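The values are calculated or read from the model by the stated rules, or taken from the named source; none is laboratory data. Source: prediction; values computed, not measured. Neighbour counts run over all protein chains shown; Cβ positions are idealised from the backbone, glycine included. Just the protein is used for accessible areas: all its heavy atoms, side chains included, with ligands, DNA and RNA removed. Shrake-Rupley method; radii C 1.70, N 1.55, O 1.52, S 1.80 Å.
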Amino acid sequence: MKIFFSCLLLVLVSCNSSNQEKTAVVSTKIEGNYVIEDILIETEKDIFISGIVVKKKDDVSPKPVILQHTIYVRNRDIYTLKHAVDNGYVGIITYTRGKYKSPNTIVPYEHEVTDTYAVIDWISKQKWCNGNVGMYGGSYNGFTQWAATKKMHPALKTIVPAAANRPGNGLPMENNVFINPNYEWAFLVGNNKTLDTIVGNDRQRFRSLKFEWWNSGSAYKKMDSIDGTPNAFFQRWISHPSYDEYWQNMIPYKEEFAKIYIPILMFDGYYNDSQNSNLYFHRQHYKYNKNAENYLIIGAYDHIGSQKGGSQQLRGYQLDENGLIDPLKITYEWFDYILKNGSKPTILKDKINYQVMGTNTWKTANSIDAMSTQELKLFLTDYKEENYLQLLESQQKELKSLSQTIDFKDRNTSNNNNSYPFPIIENELNPTNGFKFITKPFEEDTFISGSFSGELIFTINKKDVDIGVTLFEVLPSGKFFHLSGFIGRASYAKDETTRNLLTPNEICTLPFSNTRLISKKLQKGSRLLVILDVNSNPFSQLNYGTGTDVSDETIKDASEPLKIEWFTDSYIKIPIFKP
């Protein structure tokens, strides 16, 4: 029989007299075998974090605690906490400052380092906690786990981030280019104490806004003026186009990764929009801590699939039979392993555990670099082959250039229109005046495994440019299979923290490597296709190349077309696994 009991408690109970941390149990109720408490934690003077704690009724023994910290307030949150209890833990979810029952102003990103530390500190001092805390969750919840590691609390024993966001260079921008679909997220999470799904999910409104801005030729910073609704978060974010201290203060930065000593399990997907964000954490952790214990599970999943385990069909692609996993089950196996001295999850054979698309198999490696055994270096050429230019393993003997002109005044033409993998398999490509380079057919099945990279050598008549590079497999049937891609700003190619403008009409060398990782069998008879283009479309910032703040530029800065010469000593490197 379900028993329900509710009461309001107005008494503040001091938890730490030295720092004056306090908690209020706002309400308590009993549902079946669960005790559910709404709480307010005063982390500093007049700053409150709201949350929910779920414990097993009549069980007062201290237990490990599973924490989620998120900006998303949803009705289903309670079920995730009950799931923790069912697995022998105390479950707690806390919300970003200002959310749920917190009286403060909502601010995404900025306070999560200090707030997560304060929450973990409070948890560790409760009689129902045995001193051990684990965290999990995806997307924003993944980011908050990394925020919690910037200042390590001794009670935090492990984190399990999935598809984690990296504020500042993943969201709301990618390689220093602001991406427009992030615009409406500010309303979704910032308009009320829960989620404004009516406004935040008004796809027609925000899709129309992108095209209205594009066609108007207005400055990027005028986006909210065109929409008619102020967007304070958007304005704050675009005022930090470099990966500066504003962003660096939100997560571990450089040597701070060396201080992260706890074991970590990560989930990701080849088609996760925030993959660059999530894998940034993994790569930086190993870069600064050679002894890190950081495991990765990755397969053919998108952003949601990376957190939920995927679906049999992904954007028209049929996943392999063994491609689906259960991240929640694996997560609790991991918690049992770390927090209860249980067995390691069986899927974790090595540090990198990845599904090879098209083979119905999982493989392992001890690092991302070890996913491949060699690199296939391919040079751009001006040799024509039907509707393409050849992409060859040997550099063209005579250095040539390929001329591209972009008239930013022309709003009937856009570029880099094949960058987003939806659908994954296409019958034909979208129009572009970029260049398409193609390899010879593979004479045997070949395995791409890792992140492609390259170096572009060019001249332009302006001080900056945003570039797109997209990689496809052209199947023997002639269909196009989207593999990976890159969008980035040339002036930040060598340093995301500092803008270094180009010198007009002088040779520029642009290295790039922050591309999406993938592992897939390339069929015998398939060919690789690389599309090289200028990024110019309604779905991201438009860089006119004046060298001023891109958010300030307008169509008035487009009097002179962009002219770019791509040189044939430019190359692409494809990571290949040879069995």
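Miscellaneous remarks
- Residues of segment 318-329 classified as buried (at least 20 other Cβ atoms within 10 Å of the Cβ) and either touching a residue at least 40 places away in the same chain (Cβ under 8 Å) or polar (S, T, N, Q) (or both), total: 1
- Residues being assigned to a strand (DSSP E or B) and over 18 Å from LEU471 (Cα atoms) - total across segment 537-579: 6
- For segment 192-216, the set of residues classified as outside any helix (DSSP H, G or I), at pLDDT 95 or above and either of a type in the set (Val, Ile, Thr) or surrounded by fewer than 18 Cβ atoms within 10 Å (Cβ to Cβ) (or both) consists of ASN192, LYS193, THR194, ASP196, ASP202, listed by residue number.
- Within segment 375-414, the set of residues being under 20 Å from LYS440 (Cα atoms) and open to solvent by 70 Å² or more (accessible area, probe 1.4 Å) comprises GLU375, LYS377, TYR383, LYS384, GLU386, ASN387, GLU393, SER394, GLN395, LYS397.
- Subset of segment 337-362 [polar (S, T, N, Q), part of a strand (DSSP E or B) and touching a residue at least 60 places away in the same chain (Cβ under 8 Å)]: GLN355
- Out of GLN313, GLN374, sole residue that is free of Cβ contacts under 8 Å to residues at least 60 places away in the same chain and on the phi < 0 side of the Ramachandran plot: GLN313
- Just so you know, in segment 288-303 the residues that are under 23 Å from PHE481 (Cα atoms) and without any contact (Cβ under 8 Å) to a residue 40 or more places away in the chain include one that is surrounded by the most Cβ atoms within 10 Å (Cβ to Cβ), and it is TYR301.
- Taken together, the residues in segment 238-248 that are in a loop (DSSP other than H, G, I, E, B) and surrounded by fewer than 17 Cβ atoms within 10 Å (Cβ to Cβ) amount to 3.
- Just one of (1) open to solvent by 30 Å² or more (accessible area, probe 1.4 Å); (2) in contact with a Phe, Trp or Tyr (Cβ under 9 Å, 6 or more places away or on another chain) fails for PHE48. It is (2).
- Of all residues in segment 217-237 being more than 22 Å from TYR109 (Cα to Cα) and hydrophobic (A, V, I, L, M, F, W, C), the one that is surrounded by the most Cβ atoms within 10 Å (Cβ to Cβ): ALA219
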